[in-house]
1. Quick check on the stretch 26-49: of everything there that is hydrophobic (A, V, I, L, M, F, W, C) and more than 15 Å from the chain's Cα centre (by Cα), which residue is modelled with the highest pLDDT?
2. All but one of (1) over 18 Å from the mean Cα position of the chain (by Cα); (2) surrounded by fewer than 18 Cβ atoms within 10 Å (Cβ to Cβ) hold for residue 52, so report the exception by its number.
3. Against the condition within 13 Å of the ligand (Cβ to nearest atom) and in a helix (DSSP H, G or I), how does residue 181 come out, does it pass?
4. Output the number of residues of the stretch 148-164 satisfying the condition of being more than 7 Å from the ligand (Cβ to nearest atom) and under 19 Å from residue 214 (Cα atoms).
5. Please count how many residues of the stretch 88-121 are surrounded by fewer than 17 Cβ atoms within 10 Å (Cβ to Cβ) and among the hydrophobic types (A, V, I, L, M, F, W, C).
6. Output the number of residues of the stretch 60-87 satisfying the condition of being among the hydroxyl-bearing types (Ser, Thr, Tyr), within 21 Å of residue 17 (Cβ to Cβ) and either within 15 Å of the ligand (Cβ to nearest atom) or part of a helix (DSSP H, G or I) (or both).
7. I'm checking my understanding of the structure. Among residues of the stretch 84-132 that are in contact (Cβ under 8 Å) with a residue 12 or more places away in the chain and of a type in the set (Asp, Glu), which one is farthest from residue 159 (Cα to Cα)?
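The values are calculated or read from the model by the stated rules, or taken from the named source; none is laboratory data. Quick caveat, the model's predicted, so the values are computed rather than measured. Cβ atoms come from the backbone with ideal geometry, glycine included; neighbour counts cover every protein chain shown.
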Amino acid sequence: MAERQDGFCLREVLAAFRACLTAEQTVLMDPYLRGWNGLIRFLNSLGTIFSFVSKDAVTKIQIMEKYRSSDQRERYETLQTMVEYELASGLVSLKNRGECPESGCRTILRLHRALHWLQMFLEGLRTSQEDSKTSVICTDSYNASLANYHPWVIRKAATLAFCALPTRNAFLENMNLGTPEEAVDMLGEALPYVCKVYEITEELYAKHKMLDLP
Ligand SMILES: CCCCCCCC/C=C\CCCCCCCC(=O)N[C@@H](COP(=O)(O)O)[C@H](O)/C=C/CCCCCCCCCCCCC
């Protein structure tokens, strides 16, 4: 795969997820969204076949960016302050999606589920053999995570799109972290931060019984 012209480097994305974590074990919203924006850039570079995925993710990121530039921006400084504020203000519907279709809590929950997929996918890439198929790693991690929340038609479209993914080494080179071996080392160092962000968020949502928000 040719060297990237767009300056994308996965290091910055992983650094953003690291920057989400505070000493108080809270998750900062701005680096969280920055991490997602970096991932979308990468996704877009994989071809238009993934447009339906990036469109949905971009919509969700924009909902959250809107909150962060609104009068209530401090309420959305961390995932914890967002949950506290939206629950106390009746801005989250636990039963009916139509009541609060753009709450921060439900929007972040969708990204949070996708983060679970990302975590498994990157771990799969990192630990797989050189001749492993990226499409298989991606399908397995999708089926073990996000697919459980998607209807048949989305699962079908996603699984078809995965077939267009490049080979494992081409994919690792495309992350712009050096050789595939160097990329694997970097993933080993950085993935624990992504996992920590995932764990803290999962605990927060479980504590407030919000893991199934419609
Ligand atoms: C350099 C790093 C390597 C990995 C690069 C991966 C880049 C990934 C970027 C984004 C990941 C996908 C984010 C998808 C968010 C999906 C949120 C969601 O579940 N939305 C559904 C529910 O929303 P509501 O209707 O309740 O509002 C929505 O229905 C979904 C629609 C679109 C389809 C989502 C398919 C997800 C496939 C995820 C795998 C992406 C494949 C990337 C291939 C490397």
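1. So the first thing to find is which residues in the stretch 26-49 are hydrophobic (A, V, I, L, M, F, W, C), and the list is 27-29, 33, 36, 39-40, 42-43, 46, 49.
Then drop every residue that is not more than 15 Å from the chain's Cα centre (by Cα), which leaves 46, 49.
Values: 46: 90, 49: 95.
So, considering only residues that are hydrophobic (A, V, I, L, M, F, W, C) and more than 15 Å from the chain's Cα centre (by Cα), the one modelled with the highest pLDDT is 49.
2. Failing condition for residue 52: (1).
3. Numbers: within 13 Å of the ligand (Cβ to nearest atom): no; in a helix (DSSP H, G or I): yes.
In short, no.
4. Residues flagged as more than 7 Å from the ligand (Cβ to nearest atom) and under 19 Å from residue 214 (Cα atoms) within the stretch 148-164 amount to 5.
5. The qualifying residues number 2.
6. Narrowing the stretch 60-87 to residues among the hydroxyl-bearing types (Ser, Thr, Tyr): 67, 69-70, 76, 78, 81, 85.
After this cut, where a residue has to be within 21 Å of residue 17 (Cβ to Cβ) as well, the list is 67, 76, 78, 81.
Subset that is either within 15 Å of the ligand (Cβ to nearest atom) or part of a helix (DSSP H, G or I) (or both): 67, 76, 81.
Result for the stretch 60-87: 3.
7. Across the stretch 84-132, the extreme among qualifying residues is 86.
Rundown of residues vs (1) away from the ligand (no atom under 14 Å from the Cβ); (2) free of Cβ contacts under 8 Å to residues at least 12 places away in the same chain; (3) not acidic (Asp, Glu), yes/no style:
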position: 11; (1), (2), (3): no, no, yes
position: 31; (1), (2), (3): yes, no, yes
position: 34; (1), (2), (3): no, no, yes
position: 40; (1), (2), (3): no, no, yes
position: 48; (1), (2), (3): no, yes, yes
